[in-house]
Amino acid sequence: MISPRMATGMQEKQYTPSLLNFFIYNPKFGPREGEEEKKILFYHPSDVEKNEKIRNVGLCEAIVQFTRTFCPSKPAKSLHTQKNRQFFFEPEENFWIVMVVRNPMVEKPNKEGKPPTIEYQEEEILDTVYGAVLQQCYSMYKLFNGTFARAMEAGGVELLTQKLEKFFYRYLQTLHLQSCDLLDVFGGISFFPLDKMTYLKIQSFVNRVEESLSLIKYTAFLYNDQLIWSGLEQDDMRILYKYLTTSLFPRHSEPELAGRDSPLRPEVAGNLLHYGRFLTGPSNLKDPEAKFRFPKIFVNTDDSYEELHLIVYKAMSAAVCFMISASEELGREFCEQLDGLVGPQLTLLASDICEQYNINRRVSGPDKEPQFKFIYFNHMNLAEKSTIHMRKTASVSLTSVHPDLMKILGDIHADFVRVDEDEEIIVKAMTDYWVVGKKSDQRELYVILNQKNANLIEVNEEVKRLCATQCIVTRHLNGYTQTLYLALIVSLLWNAII
Amino acid sequence: MSEEHYLELCDSPVQFENASSVNNVFFDEANKQVFAVRSGGATGVVVKGPDDKNSIAFRYECALKSLCFALIKQNRPVFSFQNGGQGGSEISQVCGEKNATVLGFCWTSWNEIVFITDQGVEFYQVLPDKRSLKLLKSHSINVNWYVYCPETSVILLSTTVQGNVLQPFAFKCGTMSKMSKFEIELPVVTKPAKIILSERDIAVATIYGQLYVMYLKHHSRTGNNPGAEVVLYHLQREGACKRSHILKLNTTGKFALNVVDNLVIVHHQSSQTSFMFDIKMKDTDSNLNIHQPVLPARSIHPYKIALTGPAAVGSQTPVPCELCILFLTFLLGSGYLWYLQVKLKPVVSLLQDKSKLMEFLLRRRDCKMVILSVCSQMLSRGDKGSLPVVAIVFDKLNQVYKEYLEAEQSYTMAVECGPSRGSTAHKRPVRTQAVIDQSDMYTHVLSLFTERKDVSHKFIIAVLMEYIRSLNQFQITVQHYLYELVIKTLVQHNLLYMLHQFLQYHVLSDSKPLACLLLSLESTYPPAHQLSLDMLKRLSTANDEIVEVLLSKQQVLGALRFIRSVGGHDNISARKFLDAARQTKDQMLFYTIFRFFEQRNQRLRGSPNFTPGEHCEEHVAYFKQAFGEQAFIKPVTL
């Protein structure tokens, strides 16, 4: 996991933060001496010697217990050390997840013979970011496996450890700690901007499908990896959205990008009526050997606790998730019915949306590279928008700004979390960069400006101006969503009056 | 079984004496009245119409109020008729050539009459005072027979040997205009030329505001044609008459035609059934305008004549309607005259295709309640896969609704622009029953539907959204009570995130009532607060409301910043803000707010002090107590 980055200095090596350990334990499972190993439900890396595992778990347990005496309601969240940082999270009663991240470091070569000096940059990583990453790990586990408690009820520790092993073995490999940032904290949803009429058409489509295939319990509709409609509740959608956009869609984007004759391209011959295909379940309905197994997800775990088949079906850029109670048997017949019903309609709808989107874009004129970048997040609807991040892929999320600036954003956010009041923070960063953070009620906006020799007042004025003009531009640009994003910021984010 | 009959006779027929050797019965198509003439009028004339409460009875010699119907038809070119005005005066007129035969006459208006002889037509103005007629125009042409359409004042003359070339004449305000003649295609051409086309097979009627000549085309049995058909010729004021529609009867025999509510009804004598055609109903499988009957042929609902007297007890005889003498629009039975009516209810159950049904109903006269009940029925069943049908039905309704709104709009625009352009008075569009607006749908269909317990809420919401979608598609502004219905239903089923998403995409349009409704939801769904504030902000006419909302949430500073950003801070009540600031028990906040208003006073009035009218004494005292005398801004003394 070490990805050395060549710095300017002679053979100076930079190491990004990386995952050292990840373990899950329950202190109640081995309370007596000599039974400590029973507490451990999962440990990564698995090849660590048993006693070391026990020692590490014991240490965490002790820290949590010790700090609890100071503040019983808010247990410790992280432990900072020179070499690494530990994050604690108790998602369910007595179940603890601990993630140990090695601090980023710089390796400086010394004179011949001597080992290189290592400088740990212990202040470089942010608690909010990695705390959020840890919580996301649990949410993702829960989405596909349900709660720890349910697994315990169903099959005891044995089943739980099996499930944990199976899930985290693969999931941890996809964690890219070096590229985690503020967006991981928000865990937001990007909404697709759409005019009312097209939106109503989508509504109508969803309702019709749900009506004719009454097995379908919930539906979610996405376009261009952005959400348009969710029948699931917000929290469940949030994590499902994360899974779809960072894992499922990127895995399936290759066949579409591949050429017509590429072997990667799914067989579409003989089915030219529509472009619909299953992203989960059968990859080719024509195949007599096709398997009709769909991933199962768990939603509403707080109350109704539902287990559902997740069918993801895509036509061009439009993707629809159909969720069906896991107790239903889904076979070829159902899939063919769904394909026949949804495929043509969705193909039509997708081209409708695309057309509408292009019209809106043309109205607003060509996309100009703006002089600033921003991240917007609304806690109320989880709406998120970033011009800093490039398109997410399965492996990394690329940002277009320097990591130092990203860290400033994270710091500002951490300040915002501490107080309830609306706030505004302006930071002068290196090389003529200014970072402005605004918080109003539930919304947060971060702007990165690059202006030569600007002073505080000028930057403040500039951001005000940007908010006003950006609002107008984006209203044309994307109809609804961006208006929502920025129009209100103008008046609901204020400058201090004293 | 009564649901089977989609045609019926009206409740109150016109009753008259049977035609007999001493009794003649005439029907005046123009006035829709029946004349029963006893003994050639000498012993009495009874005039009855279906709308008349009382019949008029007179004898030939006695006085009659107005110029009336002529009764005497003689085979002489001398024509005489009676004017009842002044003691039964009589006007005589000789018309045509000596050897001409009078075929008949028609009243084209109250004082204009047309005589048709076998040699031509003569158009006269009646001058009652002078007891004479004034010839307005005449035209010579060989005539076999004629057909007159009183509604449009058009006379069709049959010419040529075979009688199949028809020459129409239109009469209007003293003018007679010859329209282009046309030929009816005959099924067989007989070698020795003789009249083939009979007047019995020709009728003229207005259908959907257009004039049509209907020709009942009997097919010879030898042909491979399955049966007779009615051929419609579209008669236009200008231009040639074109064959436009063919109504397939698929049977042979004796037929009679009626037009009721723009539907062509063809009565078949031998089967005693009637076919119903709607020329606007397109058959998908033919690009020609060939029409099959809308519904399978059925007989007219049997009519029971309540007999009076002892004979009537227990025996009400259904009248075999199809044996009646048939007139256009009317059925003239022996001794009875009925209106023919179309019953829409049976059509609803007989016509399964909802889309076709809606189209059909929307074109009928008394359709509103039937349409609304069809909608209710369709929704209550909640059949699987019925949503697409619901969508089509809504679209059809809203199409008509939109057309009306547009007509109304252009009318108002034209009226506003004033009568400057020309003298053509703008006609206010007529609101027919087919215009089903949002309040109709709300009152009769949707509000009841959303309260049904036996329908899943998913379906209810889907239907409401479908209606809103349809309205949007036709760019009709959605009324807020529909939104309220949506919100009510969503809240009832705790689907607040769904509501949230609808608001996010502005499916529910902004309005003050809606924003207030959202505010009231805040306790159950906290995000409603932000949604509501955003909506108020977008409305940009609700700044006072925003301030109130913020103050009620103790966001005093936020309220002040907001009002300042919209430039209203010079007019706000200082007391209101200071009250709110005091309530927060935040000393620094109070200080800030107080200082703001001191500065405002200084700026506006040159002094930081509050005026007595602002009622801030209490707060001034509190400020003094909390921060001391020296904390006040010192008045600038010049």
- Query: For region A:35-44, which residues satisfy the criterion of being closer than 20 Å to residue A:84 by Cα and modelled with pLDDT under 90?
  - Reply: A:44
- Message: Among (1) within 14 Å of another protein chain (Cβ to nearest Cβ); (2) surrounded by fewer than 20 Cβ atoms within 10 Å (Cβ to Cβ); (3) among the aliphatic types (A, V, I, L, M), there is one condition residue B:372 misses while meeting the rest; what is its number?
- Response: (1)
- Item | Conditions (1) part of a helix (DSSP H, G or I); (2) surrounded by 19 or more Cβ atoms within 10 Å (Cβ to Cβ); (3) within 13 Å of chain A (Cβ to nearest Cβ): number failed by residue B:458 | (2)
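Where residues in region A:232-253 are among the polar types (S, T, N, Q) and within 9 Å of the chain's Cα centre (by Cα), which of them is farthest from residue B:499 (Cα to Cα)? Outline the logic, then answer.
Quick first cut of region A:232-253, residues among the polar types (S, T, N, Q) only: A:234, A:245-247, A:253.
If we keep only those that are within 9 Å of the chain's Cα centre (by Cα) as well, we get A:245-246.
Values: A:245: 24, A:246: 27 Å.
My answer is A:246.
Report the residue count in region B:461-512 for those that are assigned to a helix (DSSP H, G or I), within 12 Å of another protein chain (Cβ to nearest Cβ) and not small (Gly, Ala, Ser).
Filtering region B:461-512 down to residues assigned to a helix (DSSP H, G or I) leaves B:461-473, B:480-492, B:496-504, B:512.
Next, only the ones that are within 12 Å of another protein chain (Cβ to nearest Cβ) stay: B:461-473, B:486, B:496-504.
Checking the rest, the ones that are also not small (Gly, Ala, Ser) come to B:461, B:463-469, B:471-473, B:486, B:496-504.
So the answer is 21.
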- Out of (1) more than 14 Å from chain B (Cβ to nearest Cβ); (2) farther than 30 Å from residue B:522 by Cα; (3) surrounded by 15 or more Cβ atoms within 10 Å (Cβ to Cβ); (4) at pLDDT 90 or above, the odd one out for residue A:306 is which? (2)
- Message: I'd like to verify a number: residues in region B:519-535 that are in contact (Cβ under 8 Å) with a residue 24 or more places away in the chain and either under 22 Å from residue B:446 (Cβ atoms) or aliphatic (A, V, I, L, M) (or both), how many?
- Response: 5
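If I ask for residues that are within 19 Å of residue B:302 (Cα to Cα), surrounded by 18 or more Cβ atoms within 10 Å (Cβ to Cβ) and either polar (S, T, N, Q) or within 19 Å of the chain's Cα centre (by Cα) (or both), which ones from region B:258-272 would you list?
Here is the first cut: in region B:258-272, the ones within 19 Å of residue B:302 (Cα to Cα) are B:258, B:260, B:265-272.
From what is left, the residues that are surrounded by 18 or more Cβ atoms within 10 Å (Cβ to Cβ) are B:258, B:260, B:265-268.
Answer for region B:258-272, where residues must be within 19 Å of residue B:302 (Cα to Cα), surrounded by 18 or more Cβ atoms within 10 Å (Cβ to Cβ) and either polar (S, T, N, Q) or within 19 Å of the chain's Cα centre (by Cα) (or both): B:258, B:260.
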- Query: Among the residues of region B:608-622, is there at least one that is within 14 Å of another protein chain (Cβ to nearest Cβ) and part of a loop (DSSP other than H, G, I, E, B)?
  - Reply: no
- Are any residues in region B:355-412 under 21 Å from residue A:205 (Cβ atoms), part of a helix (DSSP H, G or I) and of a type in the set (Asp, Glu), and if so, which ones? B:395
- Going through (1) modelled with pLDDT of 90 or more; (2) surrounded by 19 or more Cβ atoms within 10 Å (Cβ to Cβ); (3) not hydrophobic (A, V, I, L, M, F, W, C) one by one, residue B:386 fails only at (1)
- Item | Number of the exception - residue B:452 against (1) modelled with pLDDT under 90; (2) surrounded by fewer than 19 Cβ atoms within 10 Å (Cβ to Cβ); (3) in a helix (DSSP H, G or I) | (3)
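Is it true that residue A:198 is more than 23 Å from residue B:478 (Cβ to Cβ) and more than 9 Å from chain B (Cβ to nearest Cβ)?
It is false that residue A:198 is more than 23 Å from residue B:478 (Cβ to Cβ) and more than 9 Å from chain B (Cβ to nearest Cβ).
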- Sole exception among (1) of a type outside the set (Asp, Glu); (2) more than 19 Å from residue B:257 (Cα to Cα); (3) outside any strand (DSSP E or B) for residue B:200, by number: (2)
- Item | Output for region B:556-595, where each listed residue is assigned to a loop (DSSP other than H, G, I, E, B) and within 10 Å of another protein chain (Cβ to nearest Cβ) | B:566, B:569
- Heads up, the strands (runs of 3 or more DSSP E) in region A:393-464 (entirely inside) with at least 2 residues that are surrounded by fewer than 17 Cβ atoms within 10 Å (Cβ to Cβ), modelled with pLDDT under 85 and out of contact with any Pro (no Cβ under 9 Å at 6 or more places or on another chain) are A:423-428
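Which residue out of B:143, B:165 is of a type in the set (Val, Ile, Thr) and either within 15 Å of residue B:241 (Cα to Cα) or modelled with pLDDT under 85 (or both)? Give the derivation first.
Values: B:143 fails: either within 15 Å of residue B:241 (Cα to Cα) or modelled with pLDDT under 85 (or both).
After applying the criteria, what remains is B:165.
Based on what the data block shows, is residue B:349 more than 14 Å from chain A (Cβ to nearest Cβ), over 14 Å from residue B:434 (Cβ atoms), hydroxyl-bearing (Ser, Thr, Tyr) and without any contact (Cβ under 8 Å) to a residue 60 or more places away in the chain? Spell out how you get there, then give the answer.
Values: more than 14 Å from chain A (Cβ to nearest Cβ): yes; over 14 Å from residue B:434 (Cβ atoms): yes; hydroxyl-bearing (Ser, Thr, Tyr): yes; without any contact (Cβ under 8 Å) to a residue 60 or more places away in the chain: no.
It is false that residue B:349 is more than 14 Å from chain A (Cβ to nearest Cβ), over 14 Å from residue B:434 (Cβ atoms), hydroxyl-bearing (Ser, Thr, Tyr) and without any contact (Cβ under 8 Å) to a residue 60 or more places away in the chain.
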- Would you confirm whether any residue within region B:123-145 is under 15 Å from residue B:179 (Cα atoms), of a type in the set (A, V, I, L, M, F, W, C) and surrounded by fewer than 22 Cβ atoms within 10 Å (Cβ to Cβ)? yes
- Given the conditions (1) away from every other protein chain (no Cβ under 13 Å); (2) crowded, with 21+ Cβ neighbours inside 10 Å; (3) out of contact with any helix residue (DSSP H, G or I) (no Cβ under 8 Å at 6 or more places or on another chain), which single one is not true for residue A:166? (2)
- (1) closer than 30 Å to residue B:570 by Cβ; (2) more than 12 Å from chain A (Cβ to nearest Cβ); (3) part of a helix (DSSP H, G or I): which one isn't true of residue B:534, the others all being true? (2)
- Taking residue B:525 as meeting all but one of (1) hydroxyl-bearing (Ser, Thr, Tyr); (2) facing another protein chain (nearest Cβ under 10 Å); (3) assigned to a loop (DSSP other than H, G, I, E, B), write down the number of the exception. (2)
- Item | Condition broken by residue B:500, with the remaining ones in (1) within 30 Å of residue A:382 (Cβ to Cβ); (2) modelled with pLDDT of 90 or more satisfied | (2)
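The values are calculated or read from the model by the stated rules, or taken from the named source; none is laboratory data. Keep in mind that this is a model prediction, so the values were computed, not measured. Because the Cβ atoms are built from the backbone with ideal geometry, glycine has one as well, and the counts that use them run over all protein chains shown.
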